[in-house]
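Asker: My questions will all concern the structure given below.
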Amino acid sequence: MAPTSEISGEHNAAGSRRSRSLYLFVPLAFVAALVLVFGWGLTRDPGALPSPLIGQSVPAFTLPPVAGRELGLSSQDLVGEMSLVNVFASWCVPCREEHPLLMRLKEEGQVTVYGINYKDNPSAADQWLNALGDPFTRTGADVDGRVAIEWGVYGVPETFVVDAEGTIVYKHIGVLTDQALQNDILPLFSQVTQ
């Protein structure tokens, strides 16, 4: 029979190996968990961020017109027909990229498009719309950005579909593309006309 001190020494050595293994396992498990979370995040579409306002009435607001325009925009203007609300700014490079698509919508006349001009210099917004064309039926100047915040805007451009009752039914984050328009937005309008 082995002496008690040898048994307790072997026990301590085994316990020490176990605690060293635990110290190595915990950081490795943490790193593995981070890799999984980041990997999952990379597969997500950043333009598909959920909006808590989907299914809610548009926030109550009244905005003055953009410089050089006669008609401002209010929540009351968004009741009565289904419409598109585009949040844009003259300083926004992606807004310039999607602008021809908004002009096409105006020319085709199938969708009413309203604009919220976000944190923009009034004369710069006027010049931008004069140079590129004004696709908006009404455009509100959200100079301090409060209305956009109430709409849950993350950044410009963002586009919303609002139904005839004034309820937000869809939100598109980022540049509006022809693909998004054809696949996601216009089908919402055609559902109403059926």
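Asker: Quick check: at a probe of 1.4 Å, how many percent of the accessible area of the stretch 66-194 sits on carbon and sulfur atoms?
Answerer: Heavy-atom surface of the stretch 66-194 belonging to carbon and sulfur, 1.4 Å probe: 49 percent.
Asker: Separate question: Past the 14 angstrom mark, what percentage of all C-alpha to C-alpha distances in the stretch 119-169 do you count?
Answerer: So the portion of pairs separated by more than 14 Å is 64 percent.
Asker: So how far apart, in nm, are the two label points at Asp178 and Trp91 if each is 7 Å from Cα heading toward Cβ?
Answerer: The answer from the label model is 3.2 nm.
Asker: Sequence gap at least 6, Cα distance under 8 Å: using those rules, report the relative contact order of the stretch 80-154 to the nearest whole percent.
Answerer: 34 percent
Asker: Also, I was wondering about something else. Relative to the present Cα-Cα distance, how much length would full extension add between Glu107 and Val79 at 0.36 nm per residue of separation?
Answerer: 7.9 nm
Asker: Short version: ³J(HN,Hα) in whole Hz for each residue of the stretch 110-116, in order, from phi by Karplus 6.51 cos²θ - 1.76 cosθ + 1.60 (θ = phi - 60°), x for Gly and Pro, what are they?
Answerer: 7, 9, 7, 10, 10, x, 10
Asker: Moving to a separate point now. Under a plain spin-label model, where a point goes 7 Å from the Cα along Cα-to-Cβ, how far apart in nm are Thr62 and Glu165?
Answerer: Roughly 2.6 nm, to one decimal.
Asker: Along its principal axes, what span do the Cα atoms of the stretch 97-188 show, with the longest given first and each in whole Å?
Answerer: 36, 29, 23
The values are calculated or read from the model by the stated rules, or taken from the named source; none is laboratory data. This is a predicted model, so every value here is computed, not measured. Positions of Cβ are backbone-derived with ideal geometry, glycine not excepted, and every protein chain shown enters the neighbour counts. Areas reflect the complete protein model, heavy atoms only, side chains present, ligands, DNA and RNA absent. Shrake-Rupley method; radii C 1.70, N 1.55, O 1.52, S 1.80 Å.
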